[in-house]
Amino acid sequence: MIQLQVWQWNEVDTEVNQAVLKVVEREINRIVNTRYKLKTVSFEKKWKCETTSFSFDTGFLEFDQVNDGENYYCEEHATVHKYKDYWSGEKSKASRRISSDQQNYVRMSMIVLEVLSGVLYDRLYIDTKTGEILDRDKLDITEMCKKYCALKINFPSKGFRKIKLVDEISPNEDTIGDDIQRIRVIRNEMQHSSVFALDDTRYQTLITIVHDMLTRFDQRNNPAGESYVKRLDEIRKMELETRSFEEIKERMKAGLIEKIHAVFDSVVSDALNDIC
Ligand SMILES: [Zn+2]
């Protein structure tokens, strides 16, 4: 018998539980069928009380025996508990609401991925006079910063320096070069977030900085269609669903994985990543 317990300190993520279950199932199948070719061995998945002790090895129930929210009799504690379906993944995902810190994170990430990335693309398009055709879909912020850096124009007013948080750039540093640095640093802050949440104070600080910066870029880039500030306001007011949270998490994680690959790719681009 293999007993498995998933510990989570924050909100239960049924998708993670589902994924863990799948990995275990796949591994057991691999060991049984491929490694040892044990054709007569089979297994079943069952569950028991969430506060169980490993030494209590009876009282298992079938997965489709009880539905979410229903009561069941727990043999181990000789009492009735309410069953919480932590295992079926999809089912309980739709009803889960995202917290306000997670909403802030989603909004700020959307601002980075949709508005700031567009600002940088437009600026790069205006300033690239080599006739090079730029593919919007293939350029992320890191790539665009590198390309902009290579133009050797509009340097930040205090030069390139390592900046951890965008607040380290003072409000009077307000040239195009300074704002491009701001975009890069804000993008990094969102991408390196391990909690995928942003508290209200931090969110408001970033919104103020971004708003001021977009007001400047609306003047400089004169964007076609809606102004950058209007696009920002739309994201700030937008209705959010759980789905957008999962999507944003994936997109930010994907960006980070790409970045890790890039770092391994070459020492030269590693050094460049730090400053441009
Ligand atoms: Zn129990």
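Exactly one residue out of 114, 132 is assigned to a helix (DSSP H, G or I), assigned by TED's automatic domain parsing to the domain that holds residue 213 and not hydrophobic (A, V, I, L, M, F, W, C): that is 114. Among the candidates 124, 120, 139, the residue that is free of Cβ contacts under 8 Å to residues at least 24 places away in the same chain and crowded, with 16+ Cβ neighbours inside 10 Å is uniquely 139. Looking across segment 135-166, the residues that are in a loop (DSSP other than H, G, I, E, B) and among the acidic types (Asp, Glu) come down to 135, 140. In this structure, does residue 215 turn out to be over 19 Å from residue 120 (Cβ atoms) and assigned to a helix (DSSP H, G or I)? Criteria not met by residue 215.
Scanning segment 17-58 for residues that are under 21 Å from residue 85 (Cα atoms) and of a type in the set (S, T, N, Q) yields 17, 18, 51, 52, 53, 58.
Among the numbered conditions (1) more than 21 Å from residue 218 (Cβ to Cβ); (2) modelled with pLDDT under 90; (3) not polar (S, T, N, Q), the only one that residue 136 does not meet is (1).
Within segment 167-212, being in a loop (DSSP other than H, G, I, E, B) and more than 25 Å from residue 126 (Cβ to Cβ) holds for 170, 192, 193, 194, 195, 196, 197, 198, 199. What tally of residues in segment 44-68 results from selecting those that are exposed (fewer than 12 other Cβ atoms within 10 Å of the Cβ), more than 16 Å from the ligand (Cβ to nearest atom) and assigned to a loop (DSSP other than H, G, I, E, B)? Of the residues in segment 44-68, 3 are exposed (fewer than 12 other Cβ atoms within 10 Å of the Cβ), more than 16 Å from the ligand (Cβ to nearest atom) and assigned to a loop (DSSP other than H, G, I, E, B).
Filter segment 69-92 down to residues that are in a loop (DSSP other than H, G, I, E, B) and under 22 Å from residue 16 (Cα atoms) and give me whichever is farthest from the ligand (Cβ to nearest atom). Of everything passing the filter in segment 69-92, 89 is farthest from the ligand (Cβ to nearest atom).
Within 31 Å of the chain's Cα centre (by Cα) and either away from the ligand (no atom under 15 Å from the Cβ) or aromatic (Phe, Trp, Tyr) (or both): does that describe residue 6? Yes, satisfied. In the set 26, 107, only one residue is in the same structural domain as residue 233 (by TED's automatic domain parsing) and either within 14 Å of the ligand (Cβ to nearest atom) or among the basic types (Lys, Arg) (or both); that residue is 107. One residue stands out in segment 154-180 among those that are of a type in the set (A, V, I, L, M) and surrounded by 14 or more Cβ atoms within 10 Å (Cβ to Cβ): the one that is farthest from residue 214 (Cα to Cα), namely 163.
The values are calculated or read from the model by the stated rules, or taken from the named source; none is laboratory data. Just so we're clear, the structure is a prediction, and the values are computed from it rather than from any experiment. Because the Cβ atoms are built from the backbone with ideal geometry, glycine has one as well, and the counts that use them run over all protein chains shown.
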